[in-house]
Amino acid sequence: MSVATRDTMNFANTILEFVHQYGYLALLAFAFLESSMLFPFAPSELVVPAAAGILVQGPLSFALFVAAATVGTTLGGLVPYLLGREGHEAVDRYGRYVRVSDDEVDRGVRWFRRWGETAVFWGRLLPVLRSIISIPAGFAEMDRWRFLAYTAGGAALFNAIIAALVFFGRDELLHALPT
């Protein structure tokens, strides 16, 4: 196992310990920090399913899970969006704080140019450009409320799909085990 992979797994385990201890608040904080790109612990594609396994036990916990992860992702997405609104110079100057490379920004810009503002929705739903898509949306001076709506919509759908897969998958697995 590479050092980077081991570090990612250690971060993920630490996050999941916080989820065990602090529940939805820890999930919201993780989603905010990961989406803001200020302190990316581990990829959401790794942490969110594991957090769903811990937190989602029924309909109410499912709704709370989706709400916490979506609010965190949406609020966190404002950080790179606002940085993008300040222009390329701001991204060059502060990009190291949001842990973004020029190649990632260029890829996000190409995606945004090709798909337009809906790239924000699809970028939040698909694990391709989940956080980085906020910067080109800022560059394009996308309407803030539309940005928030597309971010929340894509994030909510992503979180609901993950939570449902984990919840129903766990249920199916438990029924398949011999008693």
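Of note:
- Scanning segment 11-36 for residues that are among the aromatic types (Phe, Trp, Tyr) and either open to solvent by 30 Å² or more (accessible area, probe 1.4 Å) or touching a strand residue (DSSP E or B) at 6+ places or on another chain (Cβ under 7 Å) (or both) yields 11, 18, 22, 24, 32.
- Condition check for residue 34: of a type outside the set (A, V, I, L, M, F, W, C) and in contact with a Pro (Cβ under 7 Å, 6 or more places away or on another chain): yes
- Exactly one residue out of 156, 164, 137, 160 is under 30 Å from residue 93 (Cβ atoms) and hydrophobic (A, V, I, L, M, F, W, C), and it is 137.
- Taken over segment 167-179, the criterion of being in a helix (DSSP H, G or I) and either out of contact with any Phe, Trp or Tyr (no Cβ under 8 Å at 6 or more places or on another chain) or at pLDDT 95 or above (or both) is satisfied by 168, 169, 170, 171, 172, 173, 174, 175, 176.
- The sole residue among 162, 133 that is touching a residue at least 40 places away in the same chain (Cβ under 8 Å) and either of a type in the set (A, V, I, L, M) or over 23 Å from residue 50 (Cβ atoms) (or both) is 162.
- Scanning segment 141-166 for residues that are within 18 Å of residue 37 (Cβ to Cβ) and outside any helix (DSSP H, G or I) turns up just one, 142.
- Qualifying residue in segment 22-38 (condition: in a helix (DSSP H, G or I), modelled with pLDDT of 90 or more and more than 24 Å from residue 98 (Cβ to Cβ)): yes
- Residue ID - surrounded by the most Cβ atoms within 10 Å (Cβ to Cβ), chosen from residues in segment 109-129 that are within 14 Å of residue 80 (Cα to Cα) and in contact with a Gly (Cβ under 6 Å, 6 or more places away or on another chain): 124
- Test set (1) closer than 15 Å to residue 155 by Cα; (2) hydrophobic (A, V, I, L, M, F, W, C); (3) at pLDDT below 90 - residue 3 fails condition number: (1)
- Filter result for the condition that a residue is polar (S, T, N, Q) and under 15 Å from residue 79 (Cα atoms), over 131, 101: 131
- Residue pairs meeting the criteria (Cβ under 6 Å; at least 6 apart or on separate chains; first under 18 Å from residue 129 (Cα atoms), in segment 78-92; second polar (S, T, N, Q) and part of a helix (DSSP H, G or I)): 79/36; 80/134; 81/134
- Taken over segment 46-88, the criterion of being outside any helix (DSSP H, G or I) and either closer than 11 Å to residue 164 by Cα or open to solvent by 60 Å² or more (accessible area, probe 1.4 Å) (or both) is satisfied by 56, 57, 58, 86.
- Under the condition of being outside any helix (DSSP H, G or I) and surrounded by fewer than 16 Cβ atoms within 10 Å (Cβ to Cβ), the residues counted in segment 93-108 number 4.
The values are calculated or read from the model by the stated rules, or taken from the named source; none is laboratory data. The structure presented is a predicted model; accordingly, all values stated were derived computationally and were not measured. FYI the Cβ positions are ideal-geometry reconstructions off the backbone, even for glycines, and counts take in every protein chain you see. SASA here: full protein model, heavy atoms, side chains in, ligands and nucleic acids out. Shrake-Rupley method; radii C 1.70, N 1.55, O 1.52, S 1.80 Å.
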